[in-house]
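A short write-up of the structure that comes next.
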Ligand code: ZN
Ligand code: MN
């Protein structure tokens, strides 16, 4: 049994989200559409930090950040400053990152706020606007003296950094927080979490009796829960053996699925923050915030409440569906095509989401469309297929993308409504299982066995309710000595 209770686990997250709805980088006019492009083709003298160039703030980034801060219930600063974060690492050609700072007279974009997860409020410490560094890749191995390649296409892309208080109590809650955050950003239309590297996360975690350990390099939200679970196991085993868990920064090795210690030297950073002299302080008026607020799209929590009202969903189901914008959109598209919203929600939550989780895919990568699902539901309604058969039709849709009518035709799945056929099959089963028939007169379990044989024989293509009635009638005839 684990001796560490969840109340003794403290997790904080630092999330970097690219503002993927911007056409250009944060401070220059380079295109932000850098993915898959040849290295160092989306660069200019400004994002390369050439002497004599001046950065200019992308106004749309300010609007995005304002929407995010409002959605996170955060207090937007009335006057915002940019700071230089100096460091010597080749991912920034300027040797500094334009960022923000909450000390030395610095004011980040916004302070405070929270995200609601079930009944818990996970507090936000701050949000800030900053630029993304470039991307490094390595060639060769340590033995063969590796070389580092730099691609600056990503350098200067607009980011929002969101830092939480250490309010998260479990790896699962961390995942729920990140899912909710992603849903909020996607509802706002500011960041598309399905794009590779668009949302990245560092985590810090401490267990009672140990110090704070930071985990860096978690490349996707999906990895966060895994990395945290590993850290808890590792730290627990230290604490239980009386070994002190020291403060350190660790790196998540996605391939080996373990965290590894970085040299402690690397964590002693002195970034020598100072105000960015090339950018003016930005004043953010109440009026501006109000203007942004009125044109903000619907947020997940509002959508959840609307789903309960409009589509008669349970709170729990509405919450699950709005956890993911794609899922919520999918649901509403289905409702346009088919009126039984509860039925749709049951199929999405009971069948589609487990599949998505299992295969570790994005909803937009799926072959199933709202038309697939609603066509299939109509085939259940008109008795063409049973609910049980629909499950295998649905699995077939998910793996092939074929329409339900052609799956039913190809697999010969049509339900057999002919009563005479059912009677014949019941007779066949009774004849082939005399022992069970004898037992069935006194033992309910034997009836279930006979029904199982019947469904097997007919490949589940008959109506179990009708078949059950016929079976029981036949058995009771037998007890009365009618044959
Ligand atoms: Zn540029
Ligand atoms: Mn940052």
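Evaluating residue 389 against the criteria (1) out of contact with any helix residue (DSSP H, G or I) (no Cβ under 7 Å at 6 or more places or on another chain); (2) at pLDDT 90 or above leaves one unmet condition, (2). Only residues that are in contact with a helix residue (DSSP H, G or I) (Cβ under 8 Å, 6 or more places away or on another chain) and at positive phi were counted in the range 435-467, giving 1. Reported count of residues in the range 396-411, each being more than 24 Å from residue 465 (Cα to Cα) and free of Cβ contacts under 8 Å to residues at least 12 places away in the same chain, is 3.
Find the residue count for the range 23-42, including only residues that are touching a residue at least 24 places away in the same chain (Cβ under 8 Å) and either crowded, with 21+ Cβ neighbours inside 10 Å or within 12 Å of ligand 1 (Cβ to nearest atom) (or both). Counting residues in the range 23-42 that are touching a residue at least 24 places away in the same chain (Cβ under 8 Å) and either crowded, with 21+ Cβ neighbours inside 10 Å or within 12 Å of ligand 1 (Cβ to nearest atom) (or both) gives 11. Pairing residues of the range 441-470 that are over 25 Å from residue 393 (Cα atoms) with residues that are surrounded by fewer than 12 Cβ atoms within 10 Å (Cβ to Cβ) and modelled with pLDDT under 85, at Cβ distances under 6 Å and at least 6 apart in sequence or on separate chains, gives 441/479.
Residues that are surrounded by 18 or more Cβ atoms within 10 Å (Cβ to Cβ) and away from ligand 1 (no atom under 16 Å from the Cβ) within the range 124-149 comprise 124, 125, 126, 127, 128, 129, listed in sequence order. Mind counting the residues in the range 355-375 that are part of a helix (DSSP H, G or I) and within 27 Å of the chain's Cα centre (by Cα)? Selection size over the range 355-375: 13.
Of the listed requirements (1) farther than 15 Å from residue 418 by Cβ; (2) modelled with pLDDT of 85 or more; (3) touching a helix residue (DSSP H, G or I) at 6+ places or on another chain (Cβ under 8 Å), residue 470 misses just one: (1).
The values are calculated or read from the model by the stated rules, or taken from the named source; none is laboratory data. Keep in mind that this is a model prediction, so the values were computed, not measured. Positions of Cβ are backbone-derived with ideal geometry, glycine not excepted, and every protein chain shown enters the neighbour counts.
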